[in-house]
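I have placed the structure first, in the form of structure tokens, so that the comments after it can refer back to it.
Read the figures in this text as sums done on the coordinates, not as results from a lab. The model shown is predicted, which means the values in this text are computed figures rather than measured ones. When we count neighbours, we look across all protein chains shown, and the Cβ atoms used for this are built from the backbone with ideal geometry, even at glycine.
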């Protein structure tokens, strides 16, 4: 399971570069850079390049699932998706009067149409329960 204790070593193994308390990785197909500020305990996504974050609680170290979401976004960017194709914590309504839902990651095609919804879980009990 990814935790705050092993997150830095995971990022280094994924090719992130360390500059003091900030680890970052640039992807050649986009200007977007993923960053992690270990001093501020922040997960920094390339919002300046179109990645949308609807709920800021996914951008901190307080839930282990946030590390899983970050690593999943890393993999999506590595597969060639651009930041503008990715939305975190999207919300939608389902049917008449239904409360709707929220997912961890929505991946959109170039025209903005949804193509993939990702629900992230940490290993262990949370994954088994899901």
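Quick look at the values:
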read-out	value
Helix axis angle, 4-13 relative to the chain longest principal axis, alpha carbon, degrees	70
Burial ordering of 102, 56, fewest other beta-carbon atoms within 10 Å first	56, 102
Where only C-alpha atoms are counted, convex hull volume of segment 4-129 per residue in Å³	128
Computed [θ] at 222 nm, deg cm²/dmol, the chain (DSSP H ≥ 4; -39,500 (n - 2.57); rounded to nearest 500)	-7000 deg cm²/dmol
Gain in span if fully extended, residue 29 to residue 9, counting 0.36 nm per residue against the direct Cα distance	4.7 nm
Alpha-carbon centroids, segment 65-89 and segment 1-21: separation in whole Å	16
Relative exposure of 37, 104, 5, judged by other C-beta atoms within 10 Å (fewest first)	5, 37, 104
Separation of the residue 92 and residue 19 label points, Cα + 7 Å toward Cβ, nm	3.8
Label-point separation, residue 39 to residue 117 (7 Å along Cα→Cβ), nm	4.0
Folded to 0 to 90 degrees: helix 64-78 orientation relative to the chain principal axis, Cα	90
The chain: most fluctuating residue of 83, 114, 46 per GNM, C-alpha cutoff 10 Å	114
Spherically averaged projected area in nm², based on the convex hull that wraps the Cα atoms of segment 12-63	4.2
